[in-house]
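These notes concern the structure reproduced below.
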Amino acid sequence: MHDYLLSLFLGIVEGLTEFLPVSSTAHLRITEALLHIHLDDPFWKMYSIVIQLGAILCLPIYFRARIARFLSTFPRGERQDRTWLTHPLSLVMIAFVVTSIPAWLLHKKIGDNLENMHVIGWSLLVGGIIMWIVDAYFGSPRSVGRHMTERMEDVSLVQAIWIGICQIASAPFPGTSRSMSTIAAGQLPGMSRTAALEFSFFLSFPTMLAATVYTMYKTFHPKHGAEALGRMPIDGHEWTVLLIGFVISFVVALAVVAWFMNWVRQRGFAPFAIYRIVVGIAVLVWVMRE
């Protein structure tokens, strides 16, 4: 496959799956295996980091009005009932800290599992089952009037810490999906679908940005005697390939975030849970046959 076409395709895959609860990591690995392409080349490793960054940058664009309002009301909040510790932005950072420290300690295990299709298949399958059960029981329209937390502005400190703890489970198991674990974790203690999804988006920005920056640091500053994870483009062709993937992942991710917010308000997460289960089973059958 021509590099430009491959970059376009991978940018679409990244943009489509980064914020949906289906795991972008799993889909990139599945795509790599199905197309018999090797993304372990130093340039393509750097490419994978850059297109993820492109997807991440859509969040502050889409939520710019919400971010501005949060900043303008910090720390007391819109209703003047919040503190430095309980403002929505503070709660996002608290959940991020709860998640990031264990995830950093597990980084070797994370790296070992990235190429393990068995782990990816089981993570997709089990995560889909959990998501379906949680959404059916806690996200049913019949329970809307009983939700304790309808908006992100009403998320509590305990809920934020709980979400951070649950998101740790997604770190060592590629295929679990950060957004899936955050959404399901939010619904369990009484957050509405919209509140859980919005908190998931806000939490994903510092989480993914930190992971990307850390990976890039390791790429340019490998340990003594270790091989660098990736390399920057060396000619116009590679720069064009990188730019295509970055722009496409940004544009597609921006459209997906806007669509997903509207979808969830009306329908819920069941279709994505079913999709995860089907893909997870397909991956496991495929691996066993191989």
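The values are calculated or read from the model by the stated rules, or taken from the named source; none is laboratory data. All figures in this text were calculated on a predicted structure; none of them were measured in a lab. Because the Cβ atoms are built from the backbone with ideal geometry, glycine has one as well, and the counts that use them run over all protein chains shown. Please note that ligands, DNA and RNA were not included when accessible areas were found on the heavy atoms of the full protein model with its side chains. Shrake-Rupley method; radii C 1.70, N 1.55, O 1.52, S 1.80 Å.
Assorted remarks:
- Test result for S24, open to solvent by less than 60 Å² (accessible area, probe 1.4 Å) and under 26 Å from R289 (Cα atoms): yes
- For segment 244-269, filtering for residues that are among the aliphatic types (A, V, I, L, M) and exposed (fewer than 15 other Cβ atoms within 10 Å of the Cβ) leaves 2.
- Where a residue in segment 132-148 is of a type in the set (D, E, K, R) and its partner, wherever it lies, is at pLDDT 80 or above and assigned to a helix (DSSP H, G or I), with Cβ under 7 Å and at least six apart: D135/Q187; D135/A270; D135/A273
- Residue in segment 66-98 that is surrounded by the most Cβ atoms within 10 Å (Cβ to Cβ), counting only those that are small (G, A, S) and touching a residue at least 12 places away in the same chain (Cβ under 8 Å): A95
- Counted residues, segment 231-243 - those being touching a helix residue (DSSP H, G or I) at 6+ places or on another chain (Cβ under 9 Å) and open to solvent by 30 Å² or more (accessible area, probe 1.4 Å): 6
- Exclusive hit being at pLDDT 85 or above and either in contact with a helix residue (DSSP H, G or I) (Cβ under 7 Å, 6 or more places away or on another chain) or of a type in the set (K, R) (or both), set T194, T219, T176, T212: T194
- Apart from one condition, I110 fits all of (1) in contact with a strand residue (DSSP E or B) (Cβ under 7 Å, 6 or more places away or on another chain); (2) modelled with pLDDT under 85; the exception is (1).
- Of everything in segment 4-47 that is hydroxyl-bearing (S, T, Y) and touching a residue at least 24 places away in the same chain (Cβ under 8 Å), the residue that is farthest from M180 (Cα to Cα) is Y4.
- Filtered residue count, segment 182-197, keeping only those that are open to solvent by less than 20 Å² (accessible area, probe 1.4 Å) and not small (G, A, S): 5
- Of the helices (runs of 4 or more DSSP H) lying entirely inside segment 4-108, those containing at least 2 residues that are under 21 Å from I248 (Cβ atoms) and among the small types (G, A, S) span 24-34, 42-56.
- Residue ID - farthest from T176 (Cα to Cα), chosen from residues in segment 118-140 that are in a helix (DSSP H, G or I) and among the hydroxyl-bearing types (S, T, Y): Y137
- The number of residues in segment 254-290 that are of a type outside the set (K, R), under 18 Å from L16 (Cβ atoms) and part of a helix (DSSP H, G or I) comes to 21.
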